[in-house]
Amino acid sequence: MRMHSTVKMFDSRIVEDNRQRILYCYTDNNLSCFKDVKPEVEYVILYIFISLASVFTVFLNLLVIISISHFKKLHTPTNLLILSLAVADLIVGLIVIPLMGIRFIESCWYFGETFCSLFLFIVFVVVSASLGNLVFISVDRYIAVSDPLRYTVRVTTDKVVCCIIINWLCSSIYSVIILYNTMFYPDTHNRCYGDCRVSFKFEHVVIDLIVTFVAPSSVIMSIYVKIFCVAKHQAKVVHSVAGVSRSQRKAATTLGIVVMVYFICWIPYYIVVLIEGNESTESVEFNVTCWIVYMNSCMNPLIYALFYKWFRISAKHIVTLKILKPSSEYLSIFPDDK
């Protein structure tokens, strides 16, 4: 009898200990999600990583935005497209990385249902707009390489601004359509309180993959194949426009690297999504590929720093606060400037 009571007390302690280990995102809500508890060291390391990633991404893209906005000699159609891409990357560093980081570390969404819908909308707009910018950049580089003498006539600042507006507008409209149920009817989704994610059917995943990745990527790749063929042909002809063609080909190569890095970051994500479907939000593979995608936003400025000397010079002027001087927008930022 005494032995039986001892075992019973031991079992009750186990049950009590298990209950203590179960934490909820919202203790006062019966529909709350469970909260994963991590070791304290892991919390510190992850928060340091998220903070550095956010600050690094914001800082680098701000350098691009300020450079192109401030210096008059950088007010070109191509640079306006780069500016639009940098704005999308800035939003990722300023909003997406911190909030996704907190949700990943805490395993809970603490910012409410309304902001959850807005946040998902921002994520989808930024992703769509980034790829749209790369499509327009590819078209711009093709015209510059294939028809350099008439480039300034065919591609103007007004036309590029119009394309940028259309790109962001179409991205917003598409995001509303694809997220319509999630944004306006969140109660229809079977998710606990404290969660913030999109729950797609497999056919919706396929549609999103085609619209926001496969179709634009096919256009971009076909354009860059044409650029390569044109550049190869130009290398064999008389160097009547050698200087122009060489500079345009270099710009096309640099922006081609931007596109290639974008694909390298995104392809693993879509592979995981297609394989795992809706269950991918709980897997290690999904989280890893997501963060590879987010880190793509800080890679573009690094590519510009490696291949564009004007970016290194303008960044130096910004960091040393030379842009605060009068007429600083006319400072020399190209190596051949007198």
Legend entry - Which numbered condition N181 misses (of (1) polar (S, T, N, Q); (2) in contact (Cβ under 8 Å) with a residue 60 or more places away in the chain; (3) closer than 23 Å to V273 by Cβ): (2)
Legend entry - Pairs, first farther than 24 Å from L134 by Cα in the range 199-217, second charged (D, E, K, R) and surrounded by 13 or more Cβ atoms within 10 Å (Cβ to Cβ), C-beta under 8 Å, six or more apart: S199/R191; F200/D208
Inset, instruction - State which residue is surrounded by the most Cβ atoms within 10 Å (Cβ to Cβ) when the search covers only the range 23-52 and only residues that are β-branched (V, I, T) and within 22 Å of S283 (Cβ to Cβ). - result: I50
Inset, instruction - Select the helices (runs of 4 or more DSSP H) contained entirely in the range 259-334, then report the ones holding at least 1 residues which are among the acidic types (D, E). - result: 284-295
Inset, instruction - Would you confirm whether any residue within the range 122-137 is surrounded by fewer than 19 Cβ atoms within 10 Å (Cβ to Cβ), of a type in the set (A, V, I, L, M) and more than 16 Å from T212 (Cβ to Cβ)? - result: no
Inset, instruction - Enumerate the pairs (first residue in the range 281-309 and touching a residue at least 12 places away in the same chain (Cβ under 8 Å); second residue anywhere and not in a helix (DSSP H, G or I)) with beta-carbon separation below 8 Å, excluding pairs fewer than 6 apart on the same chain, so at least 6 apart or on different chains. - result: T281/R197; K309/F334; K309/P335
Legend entry - Scan of the range 61-83 for residues that are closer than 22 Å to P98 by Cα, out of contact with any Phe, Trp or Tyr (no Cβ under 9 Å at 6 or more places or on another chain) and either charged (D, E, K, R) or in contact (Cβ under 8 Å) with a residue 60 or more places away in the chain (or both), ordered by number: N61
Legend entry - Residue list for the range 139-162, filter: in a helix (DSSP H, G or I) and in contact with a Ser or Thr (Cβ under 9 Å, 6 or more places away or on another chain): D140, R141, A144, V145, P148, T157, V160
Inset, instruction - Considering every residue within the range 164-176, establish whether at least one is outside any helix (DSSP H, G or I), under 15 Å from S84 (Cβ atoms) and in contact (Cβ under 8 Å) with a residue 12 or more places away in the chain. - result: no
Inset, instruction - Identify the residue in the range 63-116 that is over 19 Å from the mean Cα position of the chain (by Cα) and surrounded by 19 or more Cβ atoms within 10 Å (Cβ to Cβ) and, among all such residues, is nearest to V145 (Cα to Cα). - result: T78
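Readers should treat all values here as calculations from the given coordinates under stated rules, not as data from a laboratory. On a predicted model such as this, the values are computed, not experimentally measured, just so you know. Cβ sites come from the backbone with ideal geometry, for glycine too, and all protein chains shown count toward neighbours.
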